[in-house]
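In what follows, a structure is listed as structure tokens, so that the remarks can point back to it.
The numbers here are math on the coordinates, done by the rules we state, and not lab data. Model, not experiment: these values are computed from the prediction. Cβ sites come from the backbone with ideal geometry, for glycine too, and all protein chains shown count toward neighbours.
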Amino acid sequence: MNDTFLKACRGEKTDYTPIWMMRQAGRYLPEYQKVRGNVTFLELCKSPDLCVEVTLQPIDILGMDAAILFSDILILMEAMGAPLEFHEGLGPIFPETIRDQAALDRLIIPDAEDSTGFVMETIRLLRKELKVPLIGFAGAPFTCATYLIEGGSSKVFWETKKMMFTNPQLFHNLMDKITEATIGYLQAQARAGAQALQLFDSWAGILAPGDFAEFALPYVQRILASLQQYDIPLIYFANNGATLLDLSITSGADVIGLDWRINIGDAIKKVGNRAVQGNIDPFSLLLPKDKLRQRIARLLDDAKDAKGHIFNLGHGIHQFTPPEQAKIAVDAVHELSCK
Ligand code: CP3
């Protein structure tokens, strides 16, 4: 068992810096495309055998030090009763938006085993196969709320901020419900065998620090507090979150995920006695080999004072990234960080 990732999360000494990449199972891999060619994305997410297969691909092909459960943050929103559609090239769509109390009342707090048993089954199957630790995950409530309120992805988040500022009680009620569902969902993942859990807050960075503190962070804190009993590393990743770092470190996470917009050394000074995960610009995987290796060497050096460092991209790997380039990065991190 390669437990380098778990050791780094706990701030223990490791022989080298472990690496995994957000969205490491996905369209940039021809092997994923092949599986995906026969099923829709949602069918894939609900087929444990296929989820196991695509989860293992980046471990076998690229040599990652951790696996992340193949699923999607929006699967839980669907289980809460919000019909979810994925259209080719359009991303996720919720035709029934949540913008008033009546719509919110129709959402349920599902039983995780009953309604998302396929996720728990995937975890149980993966634990039999894997020789690296398995990361489970969910979306952070704020990020999930934006999809339900907007009805899909957004650039301006008009409806989300309109609700926050004109009907804060409704917004808090929605956050509260998503939070309760997420607690049940992540606790079930931990019981099924997830060895670390990550909360993805992809849209936290659209908030002013004061609004993040009022509308988003308390719910992250509540979720992470409910997971302490499982004694597994908890990771909080707020994308575009450099200006929220002072707040994010109060989330209760053991590991703080960082995007590329902050120098990792500067972040480590703030994060103090916790591990960090990140944070190379995903597009730097396009650099020629020698330049990519130089950049990785610099990042490893900038991170040398971290309590623990898990190498990752600052956000998900882009779908047009050549897999060979990802492999260069994995090998470089292993080789250059060897102590
Ligand atoms: O990281 C992994 O390898 C595990 C799988 C994973 C997926 N989505 C698979 C996926 C994870 C951890 C996610 C998280 C997720 N999903 C987030 C948070 C991380 C982030 O990127 O900010 C968000 C915001 C979503 C919602 C979502 N799912 C969007 C916006 C999209 C469409 C965007 C796109 O890339 O097309 C998805 C679809 C999705 N989720 C795909 C994959 C592999 C592509 C689906 C396909 O095969 O067509």
Among Lys162/Lys270; Lys34/Lys327; Lys307/Lys327; Lys270/Lys307; Lys34/Lys155, the pairs whose Cα-Cα distance exceeds 22 Å are Lys162/Lys270; Lys307/Lys327; Lys34/Lys155
Chymotrypsin sites (Phe, Trp or Tyr not before Pro) within region 282-339: DSSP coil, no more than 13 neighbouring Cβ in 10 Å:
Phe320
Would you mind computing Rg(Cα) / (2.2 N^0.38 Å) for region 179-291, counting N as its residues?
1.13
Straight-line reach from Lys7: which aspartates and glutamates have Cα under 14 Å away, leaving out those fewer than 8 places along the same chain?
Asp15, Asp65, Asp231, Asp254
Euclidean distance between Cα centres, region 102-139 to region 13-71, Å:
16 Å
Tilt relative to the chain, helix 168-192 - C-alpha long axis, 0 to 90 degrees, to 10:
50 degrees
Just going by the charge dipole of the chain, with Lys and Arg at +1 and Asp and Glu at -1 on Cβ, which of Tyr219, Ala326, Ala103 is farthest out on the positive end?
Ala326
Can you compute 3J(HN,Hα) from phi for each residue in region 251-260, using the Karplus curve 6.51 cos²θ - 1.76 cosθ + 1.60 with θ = phi - 60°, rounded to whole Hz and x for Gly and Pro?
6, x, 6, 7, 10, 9, x, 10, 7, 7
What are the ³J(HN,Hα) couplings of region 105-111, residue after residue, when phi is run through the Karplus curve with 6.51, -1.76, 1.60 and θ = phi - 60°? Round to Hz, x for glycine and proline.
4, 6, 6, 10, 9, x, 7
Under the rule of -39500 (n - 2.57) per DSSP H run of 4 or more residues, summed and divided by the residues of the chain, what mean residue ellipticity at 222 nm is obtained, to the nearest 500 deg cm²/dmol?
-13500 deg cm²/dmol
Cα-based Rg of the chain normalised by 2.2 N^0.38 Å, two decimals
0.94
Tilt, helix 141-150 to longest principal axis of the chain (alpha-carbon atoms), in degrees rounded to tens, equals 50 degrees
Taking r as the C-beta separation of Asp100 and Ala225 and R0 as 22 Å, the FRET efficiency to the nearest 0.05 is 0.15
Could you give the nm distance between label points at Lys291 and Ile108, where each point is 7 Å from its Cα heading toward the beta carbon?
5.4 nm
C-alpha long axis of helix 48-62 to longest principal axis of the chain, angle in °
30 degrees
May I ask you to evaluate 6.51 cos²θ - 1.76 cosθ + 1.60, the Karplus curve with θ = phi - 60°, for each residue of region 292-306 and list the ³J(HN,Hα) values in order in whole Hz, giving x for glycine and proline?
5, 5, 4, 5, 5, 4, 5, 5, 4, 5, 4, 8, 5, 8, 5
Per the 1/(1 + (r/R0)^6) rule, R0 = 25 Å and r from the Cβ atoms of Phe283 and Trp158, FRET efficiency to 0.05 is 0.30
Mean Cβ-within-10 Å packing, highest first, puts peptides 202-210, 174-182 in the order 174-182, 202-210
Averaging sequence separations of C-alpha pairs under 8 Å and six or more residues apart, then dividing by the length of the chain, give the relative contact order as a whole percent.
22 percent
Arg27 to Ala208: extension gain in nm, 0.36 nm per residue of separation minus the Cα-Cα distance?
61.9 nm
Run through the DSSP bridge list for the chain and note the antiparallel percent, rounded to the nearest 5.
15 percent
